[in-house]
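Structure first, commentary second.
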Amino acid sequence: MIQDPSIDDETKTFLKEKEAKAKAFIDNIQKRRDSLNRLAHYIFDQQHLYIKKGSDYLIPLMQKDISAILDMNPSTVSRILSTKFCVTPTGMVPLKAFCPRSHFGKTLTQLKKIVQETIEEFPTYSDQKLSNVLTSRHLPMKRRTVTKYRHLLGLPTRSKPSLDSE
């Protein structure tokens, strides 16, 4: 219609404005798709062992680090991660799950497992002694943090045996 010589100038101007808005809309959709693809490819490249072998292989990925590496705004990374999901061999997972925070260079799940294994290895140790053991193993953890993880794991303290053992 824009090329039609019988159309008046006011209508042509209106159509050109609408065409420009439609092109900008399509460009924005393509930019979003490109951002999502770049982010997803980066995350899946980093977390390929997690996808293949399970949660023990999840590595900490900070959103601010991802945004710096991909040269994206941190809020864009956060917005994409909070609203998108992917299908994995273990089911549908939010993309945000692939970017756990770092706790002493470990994910929360890995840290809980390490604390649990340490408690099981030294069942008679106090939380302070467990803290010393973990610190010697390059996990500088305070006594109160050990206590916190013990409670999260539902493990009894040294001085309070579980009711099941009585």
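The values are calculated or read from the model by the stated rules, or taken from the named source; none is laboratory data. Computed from a prediction, not measured in an experiment: that's the story for all the values here. Quick reminder, even Gly has a Cβ in these numbers, built from the backbone with ideal geometry, and neighbours come from all protein chains shown. In case anyone asks, the SASA skips ligands and DNA or RNA and just uses the protein heavy atoms, side chains included. Shrake-Rupley method; radii C 1.70, N 1.55, O 1.52, S 1.80 Å.
Quick notes on this structure:
- Every condition in (1) under 30 Å from residue 134 (Cα atoms); (2) without any contact (Cβ under 8 Å) to a residue 24 or more places away in the chain; (3) among the hydroxyl-bearing types (Ser, Thr, Tyr) is met by residue 102 except one, and the failing one is (2).
- Among (1) within 30 Å of residue 150 (Cβ to Cβ); (2) open to solvent by less than 40 Å² (accessible area, probe 1.4 Å) - the single one residue 90 does not satisfy: (2)
- For region 62-81, residues that are open to solvent by 50 Å² or more (accessible area, probe 1.4 Å) and either without any contact (Cβ under 8 Å) to a residue 24 or more places away in the chain or over 13 Å from the mean Cα position of the chain (by Cα) (or both) total 9.
- Checked against the criterion of being in contact (Cβ under 8 Å) with a residue 40 or more places away in the chain and over 19 Å from residue 63 (Cβ atoms), the candidates 84, 112, 129 yield just one match: 112.
- Scanning region 3-18 for residues that are open to solvent by less than 80 Å² (accessible area, probe 1.4 Å) and either touching a residue at least 40 places away in the same chain (Cβ under 8 Å) or in a helix (DSSP H, G or I) (or both) gives 11, 12, 13, 15.
- Hey, residue 89 without any contact (Cβ under 8 Å) to a residue 24 or more places away in the chain and farther than 30 Å from residue 135 by Cβ or not: no
- If you go through region 26-61 and keep only what is loosely packed, with under 14 Cβ neighbours inside 10 Å and under 12 Å from residue 96 (Cβ atoms), you end up with nothing.
- Within region 127-144, tally of residues that are surrounded by 13 or more Cβ atoms within 10 Å (Cβ to Cβ) and at pLDDT below 90: 2
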